[in-house]
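Structure first, then comments.
Here, each number is a calculation from the coordinates, and none is a lab measurement. Every value quoted in this text rests on a predicted model; they were computed, and no experiment measured them. Counting neighbours? That spans all protein chains shown, and the Cβs are built from the backbone with ideal geometry, glycine included.
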Amino acid sequence: MSQEAVLHPEIEPAESPLTPESWGKLGMWIFLAADAMSFGALLAGYGALRYGSTDWPHPSSVLGVGLTAFMTFLLICSSVTMVLALAGIQRGDMTGLRKFLALTILGGVSFLGMQAFEWTHLIREGLGLTSNPWGASLFGTTFFIITGFHGAHVTGGVIYLSCYLIRSLLGGLTQRHANEIEIAALYWHFVDLVWILVFTFVYLL
Amino acid sequence: MAQVHKQPNYIAIFWWLLALTILEIGVIFTPLARVLIAILLVGLALSKASLVAMYLMHLKFELRTLGLIAITPLLLCVLLVFALLPDLSGTPHHTGGTSASPAESSSP
């Protein structure tokens, strides 16, 4: 950090060219692009293994599509509550921010609870990282790694949003911090976007 | 300073996402060819993902260069699928399921 920046910490060194609101938003977009490549590589690997296998079970007949469709619905609802929370802080409505942020966290926690229920049910039926009673063992490997990686992202998002909810309850958030909530919202919507693809490729196709 | 743009109708986006999800569930039960079902499902999933990115993540209201950054992973993943094609062109293999088929278990 330069001496000038140390003397005047309130002044940003320069405006981000792509996201004039803040450098943090650009940083989040770059992080999400990199993270999308991780998910993309996992899904491409899943496709390659499945295409090359002769005994891959049909996912919709083995996995519970009804439950995961409801989980998808929950994440879509939580994305909408997230944008409503952002709209709340942008117009200075802190009660609205807290209410919709809490609903978003509740959606995320419910999603994780249902995923834990689904995993427990499948593990009891014999599906594991190296075992699958319905055919190719790699079906279990790819299923747990892809849904687990996504579940870890949801867990991270719940913790991330909970920090903002606590900060807001302690009075540490004002309309000036709308940009920080926008950055957190970007992460949450990304988690929803990825689930839309995971739901299609792992459960429906 | 936050960029000022007209807020999209988030409730309308919600209904669109819900309708597309119901359509996806419906598609898997239709008596169509597997390839056609796959094309429909991928199309519906990409439509839903685009709605989330454009309206909920506000990409529609950002600079085009940011959109290019966002779309790059998708392009790289398509490239990765093509890179994996040589591996896929070989003979399909048995990937080691725990349950053996009757034909395999009775073979000498």
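Across the protein assembly as shown, Cα-Cα pairs more than 28 Å apart make up 45 percent of the total.
For the stretch B:23-70 and the stretch A:55-126, write down the distance between their C-alpha centroids in whole Å. Centre-to-centre (Cα) distance: 19 Å.
Backbone amide hydrogens, once placed in the peptide plane, bring A:Ser53 within less than 5 Å of B:His93, excluding anything fewer than 5 places away on its chain. Rounded to the nearest 10 degrees, the inclination of helix A:65-90 to the longest alpha-carbon principal axis of chain A is 0 degrees. Other residues lying with their Cβ under 15 Å from the Cβ of A:Ala178 contribute a combined charge of +1, Lys and Arg counting +1, Asp and Glu -1. Measuring r between the beta carbons of A:Met94 and A:Tyr160 and using R0 = 22 Å, the FRET efficiency lands at 0.75. When only Cα pairs below 8 angstrom with a gap of at least 6 residues are kept, chain A shows a relative contact order of 29 percent. To the nearest 0.05, what FRET efficiency results for A:Tyr51 and B:Ile22 with a Förster distance of 30 Å applied to their C-beta separation? Calculated transfer efficiency: 0.60. The alpha-carbon of B:Lys6 sits under 20 angstrom from the alpha-carbons of these lysines, leaving out residues fewer than 8 places away in its chain: A:Lys25, B:Lys60.
Each Lys and Arg Cβ is given +1 and each Asp and Glu Cβ -1; about its Cα centre, the protein assembly as shown then shows a dipole of about 560 debye. Rounded to whole Å, the principal axis extents of the Cα atoms in the stretch A:21-204 read 57, 30, 20, largest first. Lys and Arg at +1, Asp and Glu at -1: add these up for the other residues within a Cβ distance under 14 Å of A:Thr72 and post the number. Every neighbour counted, the sum reads -2. Each Lys or Arg adds one and each Asp or Glu takes one away; over the other residues whose Cβ falls under 15 Å from the Cβ of B:Ser50, this sums to -1. The eigenvalues of the Cα gyration tensor, multiplied by 5 and square-rooted, give the stretch A:110-205 an equivalent ellipsoid with semi-axes of 35, 14, 8 Å from largest to smallest.
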